[in-house]
Structure formats: C-alpha cells, structure tokens
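Presented below is the structure to which this report refers.
The values are calculated or read from the model by the stated rules, or taken from the named source; none is laboratory data. Keep in mind that what you see is a predicted model, and the values were worked out from it rather than measured. Quick reminder, even Gly has a Cβ in these numbers, built from the backbone with ideal geometry, and neighbours come from all protein chains shown. Only protein heavy atoms, including side chains, enter the accessible area calculation; ligands, DNA and RNA are left aside. Shrake-Rupley method; radii C 1.70, N 1.55, O 1.52, S 1.80 Å.
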Amino acid sequence: MANYFSLQLSLTLLAVTATATATASHCDMAVTPSTPLLVFLQHLQQTAFETFGGGASEFDPKTYVDLPLKFSLSETDEAFQKLPRNATGSVPVDELKRFLEDFFGGAGDDLVHLDPPDFVAEPVGFLPKVHHPVVRAWALQVHSLWKNLSRQVSPAVKAHPHLHTLLPLTASAVIPGSRFREVYYWDSYWVIRGLLSSKMYHTATAIVTNLISFVEEYGFVLNGARAYYTNRSQPPLLSAMIYEIYGTTGDMELVKRSLPALLKEYEFWNSDIHKVTILDAQGCTHTLNRYNAMWDKPRPESAIMDKALASNFSSDSEKQQFYRERASAAESGWDFSTRWMRSSNDVTTLATTCVVPVDLNAFILGMELNIAFFAKVTGDNSTAQRFLEISDLRKKAMNSVFWNANKKQWLDYWLSNTCEDVHAWENGHQNQNVFASNFVPLWMKPFYSDTSLMSSVVESLKTSGLLRDVGVATSLTDSKQQWDFPNGWAPLQHMLVEGLLKSGLKEARSLAEEIAIRWITTNYIVYKKTGVMHEKYDVEHCGEFGGGGEYVPQTGFGWSNGVVLAFLEEFGWPEDRNIEC
C-alpha cells in the first residue's frame, strides 16, 4: 500500500509537470508544478478533516501543509498507509494524533523567534508628536510587538529543505501573526513602514533582502514564503518598500542591489500571464494588467474549502477554472470579495481573471516611477527615461479605461472574453459598485499632484458611502466575505490617507487626519479590550474587530501595527485629545 501511494505521488507530480508551461498565451495559461511533499500533505489534510471534522472555526487546513516532517517522505508515507482505518476510510482520532506527534514537528516550528538586533524599548526620536501619555504608552506596546513577530528560519530548513514547505530565507523576517506564520508579500510594505517609525532599519532591510531573493530564484515575489505559494504573487510593492527605506536611510547599496530584481519583477507583471491590451473608444490601444495565478487546483492551504465549493461544478474544466479564479483572488490580496464575483451572493461566480483592477495598475504605475527614480540615482539615465515614458502611458491608460467622469472615481474594468488579444472598451463594462480600491490611484504622484482632479475625487470619496464611524469601508456590500463591508483594513486606510495628505489640499489633509484619528481610536479600544492587535476591524462599530471569510479573525498583526505607528508618526496625538469611542 505504501509503495502504491508513493507511486501515485510520483505520477501526480509527473502529470502536473507535463502540463506546466514556461510561457502562456491568454487562453493556454501556465500551471506551476506541485511537489510530492505537498501532494502528501494535502492527503494528510483531507484525512485529518475526515477524522477530526468541525467547521472553519475548529479546523484550519493550513496547519497540515505547514507541518515539518521529522523523517523522510517515504518513511512518513509508509507509516501513514499503515494507520488503521474504519469502514468510511477515516483514521481513529487517537491513532492520527499519535501519528502526527511521532512524525511531524509543530506548524511554525521551522521558524524560530529572534530578538531583533536593532530593537530598543524606546528609540530616540520615536513618535515625537505623540504627547498624550496613555497613547504614547500604547504606541510603545505596539512597537514592542516587533519582537513577538520577528523570526529566523530554523537551521533544519536549510539542512533538510525537502522536509519542509517553508522556503529557506536569506535573512531574518517579520511575520503577520497567528496562522500567518511565514513572510507575506504585500503585508511586508506596511510592516516596513512601521519598522521605519520604530527606527528598525536593519530589520526592514532584511525583509526586502528576502523578497529580492524570491525574484532572483522564481522570477517574481511569491505570495508568501511557502512551497504552496510559488504559483502566484501578491500586489507588487517591492519597489515601494525599497523607496521608503532609501528615503529614510539613504542606502544606495540597497538600491543598486535591488534594481536588477525590480526589472525582473516588472517583466513578470508585464508577461502574457498578466498583460491585457484594450482598444479605447477613441481607437487608442492601451496595455494594462490583471491578476492571474499559475494554478488550476485547490489551493493547498485551503483545499478543503476550495474542493467543497468546486463541487458545484460538474466538469473538470469548470473546476480547474474556478480553482484558478480562487488562486487569482488570493494573488490580489483581496481574498475574497464581491469585487471579483459576477453575483454578489455566490462566491462560485468568482471571475478574478476577467477583472482589470484599478489598484493593481496603480501599484505597477508606482513600480515604473520607482524604477525610473532608482535608475536615475544610480546613473542609468536611459532606463530612467524609458520608465518615465512607460509610466506616462500607464497613467493615460488608467484614465482612459478606469476613470468615470460621472462618479469621479476609477472603476475596475470587466473583460468579456479573456482569450482575446485585444479587447474593445465598452462603456457598460466598468464595475459601478463602490470599493475602497476605486480611490487607490490617489496614492500615486501623477494623480495626487493634480489639484483639480484631487478636489473632485475628495468630494467623491466624501459622498461615496465608504467613510464610516471608525474608518474607510472596503466596499458597500455585506457579503460575509472578509474583503467587503463592514470590514476595514489597515492598508486601505493608509493608502487613501497618505494620498490625501500628499495632495497638499487643505480639505484633503483634514479628511486624511479625520480618517487616521478614527482608525487609531478603534485600534486602541480593541487592543485595550482584547490585549492584541487585529488583522481587520469593523468600521461600523468603534472598538470591534472584523470578521467573515474562510478563517477566524487573526491577531498579531503586522500591517495593523505598522499603519498605527505610521499614522501616529504623521499626525501625532495631542495631550488634550481623548481617545475613546
């Protein structure tokens, strides 16, 4: 039996590898190969689900694909096959528990705690505008959380990488927290913003070093530092991280070291996998980008949920497409939201690859501008000029395809057929629903520096319905998906606040400060009630954390910590301002 399953593992890998392609057209998309270890762990995951049962609050499938093996895969597989099974095929609870204890380490054990070398309890110059003693004491507690979230890869991972789904990292790391026990891509931007406020420049640079190593090995920054994330990326903010570190430290060596990786990452995002060509109403052709994961199977970390939803489809091809849409939504960072759904009350209508997203293209515009800046400061004027020209073309494309003059917002664009080489722009294909992402272009200089445009967009934001008692809502649709109403997320608050602030408009700054104060307040109240920082918050009710989605709310939490510290550094907190709901 053990030999049979080992053979099945090998055949599965061979079949996946045979269908994988290095490049892809719009309809013949690439699929990243799986590994025998992941195939085995997913089988273990399914067995654990059948044995232990329970819903999402009691069973987290991610746990099982994070388990490090104590022995070789073949030995572990052999012992697994010998476990007693009842008539339904499930393993007795005590037997499976004993097997897990004997053959696996704990999930997360392959990352060990690290005392950051640049951490001090109260850094010199820390949050000079925070004068309120209670708020300052809390800010120092948030600052101290970097110690809780700092990790380094266990030597065992580098010595025996085949026993781990964790990928070896070249430097120390900061994790988001709770079930997210590894490095994540876009989380790292706001972690770094917080680390810079905490004067932890070495730790911030180490994070970037890890992400650069991913680009060098895989051609792009992975969603996260696990073997099951090698099939997709996340919102591309590596250049923004480097820009912030360089602006604070003047580290020219970091810029020089990172520029080749940034150019490589840019090629990835502009390959056929993500590139979309649109012919606008004036007959002009524009190139924009979409999310599109290289995957057509259940996501290993969420396979139980993915397979359950896919059971609604009858054919294998429909299931494969659904799995690609799920993974692509995960690549967007917005997993999951009505933003990607054709029907707001049916998550099986996910069609992420059909959406040309406003925020992704804003991020890539920022990447183009940052590459131009880095090329210029390193003396490569031709590359600098080329990327300035490319960024100008993207700005025009965003205005042509996304901008809606009536709503004074940028709206996501839906493709009718992803297989077309050129898509003719159609007026009815803009998504008229309001999402916080509609305003993310405000974060980019070509838009926030346009005073006339900013005045219109500020007014639109004020009347959008997104501004709530304690922050900016993600959407106006209460779908029970976590990237929808009433949840508010730290990154969205920060991007909008910083864009408003950088515009220089008095009314925009006033709105930015108002949002920041509300957000800081609810973070503080929740912390005082629960003793932890949370992944997301309920913007309708001050002092309540968020919910919804496919896993229980998480704590820690990297980007929430970072945004609170960045807001306090920018706006401060006067001694005479109360902090209460």
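Label separation (N381 vs R577): 4.6 nm, computed from points 7 Å beyond Cα along the C-beta direction.
Normalised per residue, the accessible area of the chain is 37 Å², obtained with a 1.4 Å probe and no contribution from ligands, DNA or RNA. Can you grab the distance from the C-alpha centre of the stretch 538-555 to the C-alpha centre of the stretch 87-113, Å, no decimals? A separation of 30 Å, based on Cα centres. Using C-alpha pairs below 8 Å separated by at least 6 residues, the relative contact order for the stretch 192-234 is 22 percent. For the residue pairs K70/K264; K506/K529; K480/K529; K275/K297; K129/K395; K147/K536, the alpha carbons lie more than 27 Å apart in K70/K264; K506/K529; K129/K395. The dipole here belongs to the stretch 171-316: it is taken about the Cα centre, uses +1 on the Cβ of Lys and Arg and -1 on the Cβ of Asp and Glu, and is about 320 debye. Counting only protein chain heavy atoms and rolling a 1.4 Å probe, the accessible areas of T35, T277 rank, largest first, as T35, T277.
Note on Cα Rg over 2.2 N^0.38 Å: of the candidates (1) 1.07; (2) 0.96; (3) 1.36, the value calculated from this structure sits at (2). For G546, neighbours were defined as the other residues whose beta-carbon sits under 9 Å from its Cβ, and their charges (Lys and Arg +1, Asp and Glu -1) total -2.
Counting only alpha carbon atoms, the long axis of helix 506-530 and the longest principal axis of the chain meet at about 40°.
Using the Cβ-Cβ distance between S452 and H113 with R0 set to 51 Å, the FRET efficiency from 1/(1 + (r/R0)^6) comes to roughly 0.50. Normalised radius of gyration (Cα atoms, divided by 2.2 N^0.38 Å) for the stretch 397-453: 1.22. Using a simple spin-label model with pseudo-atoms 7 Å out from Cα toward Cβ, L263 and D316 lie 4.3 nm apart. In whole angstrom, note down how far apart the Cα centers of the stretch 145-174 and the stretch 481-525 are. A separation of 33 Å, based on Cα centres.
Here the sum of -39500 (n - 2.57) over DSSP H runs of 4 or more residues, divided by the residues of the chain, equals -15500 deg cm²/dmol at 222 nm, to the nearest 500. Rounded to the nearest whole Hz, the Karplus-based 3J(HN,Hα) values (6.51 cos²θ - 1.76 cosθ + 1.60, θ = phi - 60°) of the stretch 460-477 follow the sequence 5, 4, 4, 9, 6, x, 7, 7, 10, 4, 10, x, 8, 6, 6, 8, 10, 10, with x at glycine and proline.
To the nearest Å, what is the center-to-center distance of the stretch 362-417 and the stretch 188-231, using C-alpha atoms only? So the separation of the two Cα centres works out to 23 Å.
Taken about its Cα centre, the stretch 130-251 carries a charge dipole of about 420 debye when Lys and Arg each add +1 at the Cβ and Asp and Glu each add -1 at the Cβ.
Counted by Cβ distance under 12 Å from R151, the other residues give a net charge of -2, where Lys and Arg count +1 and Asp and Glu count -1. Computed over protein heavy atoms with a 1.4 angstrom probe, the accessible surface ordering of Y527, Y218, Y291, largest first, is Y218, Y527, Y291. Within the accessible area of the stretch 447-581, the carbon and sulfur atoms contribute 45%, probe 1.4 Å, all protein chains present. Ordered by 1.4 Å accessible area with all protein chains kept, H43, H113 run largest first as H113, H43. In the neighborhood of E101, defined by Cβ-to-Cβ distances under 13 Å, what is the net charge if each Lys or Arg adds +1 and each Asp or Glu adds -1? With Lys, Arg at +1 and Asp, Glu at -1, the neighbours total -1. Projecting the Cα atoms of V276, L259, H286 onto the charge dipole of the stretch 252-292, computed from C-beta unit charges around the Cα centre, puts L259 farthest toward the positive end.
Taking every DSSP bridge with both residues inside the chain, close to 90 percent are antiparallel. A simple charge model with +1 on the Cβ of Lys and Arg, -1 on the Cβ of Asp and Glu and nothing else charged puts the dipole of the chain at about 560 debye relative to its Cα centre.
D187 exposes around 20 Å² of accessible area when a 1.4 Å probe is run over every protein chain in place. Remark: relative contact order (the stretch 431-581) = 23 percent; criterion is Cα-Cα distance under 8 angstrom and separation of 6 or more residues.
Length gained on full extension, K147 to A308: 54.1 nm, using 0.36 nm per residue less the C-alpha separation. In this rough spin-label picture, where each label sits 7 Å from Cα along the Cβ direction, the K97-A405 distance is 6.8 nm.
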